[in-house]
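K.L.:
Questions regarding the structure given below will be posed in turn.
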Amino acid sequence: MNMFEERLRKLQALMEVSGVDLTVVGPGADMLYLTGFSDEARERPLLLMIPVEGAPRFLVPELYAHQVEEVAAFPPTHVWSDSQGPEAALREAVRGLEAERVAVDDDLAARAVLLLQDALPRASFSLASPLLKELRMRKSPGELELMERAAAIVDRSFLRVLENVTFFGRTEREVARDLEGIVLEEGAAGMAFETLVASGPNSALPHHRAGERRIEFGDVVILDFGCRVGGYCSDITRTVVCGEPTPRMREVHRVILEAQEEGVRTARPGIPAQEVDRAVRGVISRAGFGEWFVHRTGHGIGLEVHEEPYIVEGNPLSLEEGMTFSVEPGIYLPGAFGIRVEDIVVVESGGARRLNRCPRELVAVAR
Ligand code: CO
Ligand code: CO
């Protein structure tokens, strides 16, 4: 049995147990996981429909038919053309399924959901993530290998940024473009998300992207970036200082390193995800910075940058071998500066192992 057939069987077994008759997946990470093919979700419905038993039905717009035939693990079964529209082909595709309970991929476009509801007027609809996260959360050795490669690329890139990129007097956006150029040179298929370069007071805004602010001597600069290899993502954050760090910056950075280390040490099989968050938060709170750590400790990562398991208070999910997620504590002092350090870890039998290995120390960049 090939990898995709195995994933299909596992999904169908989960559907059986949960009483789901049909799972419908549109373009995106779930489709890529289940078929090896995906595309941007655009206006034309492209739907993989998996009944609880038997072969998938694949509704494909004519202009994608050859591509799906060549790349996807399952052939297009119902092809529709622009002049016909998808309605008749979709009705044909679901004929005879007796689908009463339908689970749809969480990111499926509203227009596709409404078409499905028209084609299956008696069915009740729910989200497919409870099923699909079960499959995707634990990474196989093959998936991990791609994630290790993606992590190694950002590690090497960070070292090259320290050696080669000028920070002083340049805008955050210019630094981000240099950094992305290096990541692509190092062999990434693409960036995993919009690179974040936050300098000076902007570093205290956890979701600042990269703007037109020019970096000055004495600025903290947070670099948060990731790339893709074979569809799988990396995500890393390092904080540097342009010029000399102040004692306060060194203190906050030391607390962050200690908190991050504590998070990695806490994560192991059987530990609830929220325990990792508590461990990290405990270190930061005891150091007196608790109110400035304003986000969750981490997120799962794989085909998507943010996926299950979320490392957050309220998530009792027991960690298991093969789960991959970020440990990324941050302290943000409004109007002054912020510091964050992020590594991706994989849970193994003996504990969590970092995929990122480049230095985490506070680096003073002289240019
Ligand atoms: Co990140
Ligand atoms: Co992250």
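The values are calculated or read from the model by the stated rules, or taken from the named source; none is laboratory data. This structure is a prediction, so every number in the text was calculated from the model and none was measured. Reconstructed Cβ throughout: ideal geometry from the backbone, glycine too, with neighbour counts over all protein chains shown. Heads up: the accessible areas ignore ligands, DNA and RNA and are worked out on the full protein's heavy atoms, side chains in. Shrake-Rupley method; radii C 1.70, N 1.55, O 1.52, S 1.80 Å.
K.L.:
Put +1 on the Cβ of every Lys and Arg and -1 on every Asp and Glu Cβ in segment 290-367; which of 295, 323, 364 then has its Cα farthest towards the positive end of the dipole?
P.N.:
After comparing all options, I get 364.
K.L.:
Residue by residue, what Karplus-based ³J(HN,Hα) values in Hz, rounded to whole numbers, does segment 118-131 have, using 6.51, -1.76 and 1.60 with θ = phi - 60° and x for Gly and Pro?
P.N.:
My calculation for segment 118-131 gives 5, 6, 10, x, 9, 7, 9, 10, 9, 7, 8, 4, x, 7 Hz in order.
K.L.:
Okay, next question. Ignoring ligands, DNA and RNA, please state the percent of accessible area on the chain from carbon and sulfur, probe 1.4 Å.
P.N.:
50
K.L.:
Once you have the Kirkwood Rh of segment 228-323 from its Cα pairs, apply Stokes-Einstein at 10 °C and 1.306 mPa s and quote D in µm²/s.
P.N.:
Taking Rh from Cα pairs, D becomes 108 µm²/s.
K.L.:
Nearest 5 percent is fine: what portion of the DSSP beta bridges confined to the chain is antiparallel?
P.N.:
75
K.L.:
Could I ask something else about it? Enumerate the calculated ³J(HN,Hα) couplings along segment 44-59 in order (Karplus 6.51 cos²θ - 1.76 cosθ + 1.60, θ = phi - 60°), each rounded to whole Hz, writing x wherever the residue is Gly or Pro.
P.N.:
8, x, 10, 10, 8, 10, 10, x, 4, 9, x, 7, x, 10, 10, 8
K.L.:
While we're here: Classify segment 7-124 from the C-alpha gyration tensor, please: rounded if a/c falls under 1.5, else prolate or oblate depending on whether a/b exceeds b/c.
P.N.:
oblate
K.L.:
Please give, to one decimal in nm, the separation of the simple spin-label points placed at residue 265 and residue 13, each 7 Å out from Cα toward the Cβ.
P.N.:
3.8
K.L.:
Just want the answer: with Cβ charges of +1 for Lys and Arg and -1 for Asp and Glu, which residue in 246, 171, 349 is farthest toward the dipole's positive end in segment 141-365?
P.N.:
Result: 246, furthest along the dipole toward the positive end.
K.L.:
A further question follows. Mind listing the phi-derived Karplus ³J(HN,Hα) values for segment 326-332, rounded to whole Hz, using 6.51, -1.76 and 1.60 with θ = phi - 60°, and x for any glycine or proline?
P.N.:
8, 10, 9, x, x, 10, 10
K.L.:
About the Cα centre of segment 202-339, what is the dipole size in debye to 20, counting +1 per Lys and Arg Cβ and -1 per Asp and Glu Cβ, all else neutral?
P.N.:
340
K.L.:
Between residue 88 and residue 258, what length comes free when the chain is fully extended (0.36 nm per residue of separation minus the Cα-Cα distance, one decimal in nm)?
P.N.:
55.2 nm
K.L.:
Taking the chain as a Gaussian network, where each spring joins two C-alpha atoms under 10 Å apart, which residue of 100, 40, 307 fluctuates the most?
P.N.:
Checking each option, the largest mean-square fluctuation is seen for 40.
K.L.:
Multiply the residue separation of residue 246 and residue 81 by 0.36 nm, subtract the distance between their alpha-carbon atoms, and state the gained length in nm to one decimal.
P.N.:
53.0 nm
K.L.:
A further question on this structure: Any idea of the accessible area per residue across segment 291-367, 1.4 Å probe, to the nearest Å²?
P.N.:
36
K.L.:
Also, I was wondering about something else. Where nothing but the Cβ of Lys and Arg (+1) and of Asp and Glu (-1) is charged, how large is the charge dipole of the chain around its Cα centre, in debye to the nearest 20?
P.N.:
In total the dipole reaches around 900 debye.
K.L.:
Helix-derived [θ] at 222 nm for the chain: sum -39500 (n - 2.57) over DSSP H runs of at least 4, divide by residue count, nearest 500?
P.N.:
-11000 deg cm²/dmol
K.L.:
Then there is this: Between 216, 145, 92, which gets the highest mean-square fluctuation from a Gaussian network model of the chain, Cα cutoff 10 Å?
P.N.:
92
K.L.:
Another one. Taking R0 as 22 Å, what FRET efficiency do you get between residue 286 and residue 361 from their Cβ-Cβ distance, rounded to the nearest 0.05?
P.N.:
After rounding, the FRET efficiency stands at 0.50.
K.L.:
I've got another one for you. Answer rounded, prolate or oblate for the chain, using the Cα gyration tensor with square roots of eigenvalues a ≥ b ≥ c: rounded when a/c is under 1.5, else prolate when a/b is larger than b/c, else oblate.
P.N.:
It is prolate, given that a/c is not under 1.5 and a/b is the larger ratio.
K.L.:
Cα convex hull of segment 43-101: mean projected area in nm², to one decimal?
P.N.:
That works out to 4.3 nm².
K.L.:
Continuing with the same structure: So which residue, out of 88, 72, 128, gets the largest mean-square fluctuation from a GNM of the chain using Cα contacts under 10 Å as springs?
P.N.:
88
K.L.:
Mark the label point 7 Å from the Cα of residue 53 along Cα→Cβ and return the residues of segment 6-41 whose backbone N is within less than 11 Å of it.
P.N.:
none
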